[in-house]
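Below is one structure; the comments refer to it alone.
The values are calculated or read from the model by the stated rules, or taken from the named source; none is laboratory data. None of the values given here were measured: they were computed from a predicted structure. All Cβ positions, glycine included, derive from the backbone under ideal geometry; neighbour counts span all protein chains shown.
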Amino acid sequence: MDTPTEMNNIILYIAGAVLLIFFSGIKIVRPTQRGLIERLGKYRKFALPGFHWIIPVIDRMFLVNVTEQMVDAEPQEIITNDNLNASVDAVVYFKVLEEEENVKNSQYYVNDYKSQIINLSRTTLRNIIGTLTLKSANSERNKINSEFHKTLSDETKNWGITIVRTELKQIDPPKDVQETMNKVVKAENEKIAAVDYATAAETVADGVKRAKIKEAEGTKQSKILNAEGEAEAIKLVNEAADKYFTGNAQLLKKLETVEASLKSNAKIVVPTGTELVNVIGEMAGVMPLK
């Protein structure tokens with residue numbers, strides 16, 4: 001009676017072991033990964049994204065990230081060509097290439113490529129910035145980045161990775177030098193502001209000067225025009241006097257003579273048609289006789 005039961009138990013144990021082995025051998029590779037399968041320590045197969053099954057214990061799968069990654073080169077003190085200690089930091093963006101040979105190289109050609117990139121970056125930055133002054137290092141960041149990127153790309157070309165880009169995060173001088181530089185920049189800005197203020201004041205003064213000159217010229221022109229007007233008026237008066245007053249003065253003298261004669265009852269013969277007859281007639285309110 002116990003034999004069938006024992007057999008059933010053995011079968012269940014075997015089935016359980018088979019299921020355990022099966023499920024423990026299941027491996028899933030994501031689209032952002034590639035896998036390297038080794039059997040007893042020897043490379044056996046390249047695993048693309050999807051479902052894979054390996055023999056537990058005998059086989060091992062190593063997953064490799066093939067997306068873009070970033071490592072920080074970490075801040076370090078670098079002595080520049082002008083003997084100043086600059087604090088330099090940079091970041092490096094890279095990715096493992098997706099092809100089988102490149103993924104294998106990233107695992108079998110170099111030990112821990114991330115730490116190797118960091119160490120190589122620090123060494124490269126020391127070599128580049130050590131040949132520059134602090135001022136040129138800050139003004140030639142693009143040149144430093146370009147040389148930095150080229151050196152890393154050349155050194156890692158057999159690692160199965162590509163250096164996407166490099167970026168300098170900071171090139172900071174010592175604190176005392178930074179304070180001095182800030183003072184220089186502040187003084188330069190104040191100088192520029194003073195020059196701008198002086199230029200603006202000069203412009204305003206020039207404008208006021210021009211306005212006064214214009215005003216004086218206007219006053220002068222107005223006086224000239226007034227004087228010319230008065231002179232013209234005087235001229236017209238003189239011309240009128242020359243034209244009309246001379247004859248009228250003679251006529252007035254004749255009237256005075258007539259008046260004096262009439263007072264003494266003297267007889268005066270006045271020719272007909274003369275201006276004096278017309279004047280006497282108008283004064284008397286009568287028309288002269290023809």
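Some points to look at:
- Exactly one residue among Lys27, Lys45 is surrounded by 14 or more Cβ atoms within 10 Å (Cβ to Cβ), without any contact (Cβ under 8 Å) to a residue 60 or more places away in the chain, in contact with a His (Cβ under 7 Å, 6 or more places away or on another chain) and not small (Gly, Ala, Ser), and that residue is Lys27.
- For the stretch 86-129, residues that are over 11 Å from Thr156 (Cβ atoms) and within 32 Å of the chain's Cα centre (by Cα) total 10.
- Any hit, the stretch 17-28, residues being in contact with a strand residue (DSSP E or B) (Cβ under 9 Å, 6 or more places away or on another chain), at pLDDT below 95 and either closer than 30 Å to His149 by Cβ or of a type in the set (Lys, Arg) (or both): yes
- Contact annotation: residue pairs with Cβ atoms under 7 Å, 6 or more positions apart or on different chains, pairing a residue in the stretch 135-152 that is touching a residue at least 24 places away in the same chain (Cβ under 8 Å) with a partner that is assigned to a helix (DSSP H, G or I) and among the hydroxyl-bearing types (Ser, Thr, Tyr), are Phe148/Thr124; Thr151/Thr124; Leu152/Ser121; Leu152/Thr124.
- Filtered residues of the stretch 87-132 (kept if among the hydroxyl-bearing types (Ser, Thr, Tyr), out of contact with any Lys or Arg (no Cβ under 7 Å at 6 or more places or on another chain) and touching a residue at least 12 places away in the same chain (Cβ under 8 Å)): Ser87, Ser106, Tyr108, Tyr109, Tyr113, Ser121, Thr124, Thr131
- Gln33 being touching a Phe, Trp or Tyr at 6+ places or on another chain (Cβ under 8 Å) and surrounded by 16 or more Cβ atoms within 10 Å (Cβ to Cβ): no
- Flag for Ile14 being surrounded by 16 or more Cβ atoms within 10 Å (Cβ to Cβ) and farther than 22 Å from Gly160 by Cβ: no
So that you can scan it fast, the table gives a plain yes or no per residue for (1) within 30 Å of Leu120 (Cα to Cα); (2) surrounded by fewer than 15 Cβ atoms within 10 Å (Cβ to Cβ):
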{"residue": "Leu40", "(1), (2)": "no, yes"}
{"residue": "Phe51", "(1), (2)": "no, yes"}
{"residue": "Ile54", "(1), (2)": "no, no"}
{"residue": "Asn83", "(1), (2)": "yes, yes"}
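- Here the helices (runs of 4 or more DSSP H) wholly within the stretch 70-181 that include at least 2 residues being among the basic types (Lys, Arg) are 113-129, 141-155.
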